[in-house]
Amino acid sequence: MGSRGNKPWLLWAALILPAAATLAGIGTYTGVLGPEDPPKPGREDLVGRYEDGHGGVVTLNADGTAEARGIEYALYDDGSGVVKHCEEDAGTWFLEETRPGWHNTVQVLFGDCGYFQPWDADGPPSAPRIIYYVGDPHPDTRRVLTRR
């Protein structure tokens, strides 16, 4: 086994610890190890009418169409970031499911108002909510759409 001064356990520790850490990371990411993620709303759970408390209303229909009235958005075409309202517009939506621990996102595209940044969809499936920002993410620009 070698002379009395050698420490073979040190070599084994140096090899096993990084391998164990890598396996633990992969297991946590895939959901095999660690706590189960809370339930997230699926596509069918998100269908319905939502209000943001600032006069905005969004309806997500089961067929993938969407309607918006009074939703705020920031227009950056001229570099100013002026806040506008999406008045009576129709469009489409779809759900993008994400990995464990992250929020699912709702992608919406309206005819006149254009493309919105992905909206976070969270909460329990029975009472989902959709979160979006008017311009840059900041507490003052955060809007929460709750189903009514």
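The values are calculated or read from the model by the stated rules, or taken from the named source; none is laboratory data. These numbers come from a predicted model, not from an experiment. We place every Cβ from the backbone using ideal geometry, glycine too, and count neighbours over all the protein chains shown. Areas reflect the complete protein model, heavy atoms only, side chains present, ligands, DNA and RNA absent. Shrake-Rupley method; radii C 1.70, N 1.55, O 1.52, S 1.80 Å.
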message: Can you find, within region 96-148, the residue that is least open to solvent (accessible area, probe 1.4 Å) among those that are of a type in the set (Lys, Arg) and farther than 30 Å from Thr28 by Cβ?
response: Arg143
query: Restricting to region 22-70, what's the tally of residues that are of a type in the set (A, V, I, L, M), at pLDDT below 95 and in contact with a Lys or Arg (Cβ under 7 Å, 6 or more places away or on another chain)?
result: 0
message: Which residue is surrounded by the fewest Cβ atoms within 10 Å (Cβ to Cβ), if the candidates are limited to region 35-66 and must be in a loop (DSSP other than H, G, I, E, B) and of a type in the set (A, V, I, L, M)?
response: Ala62
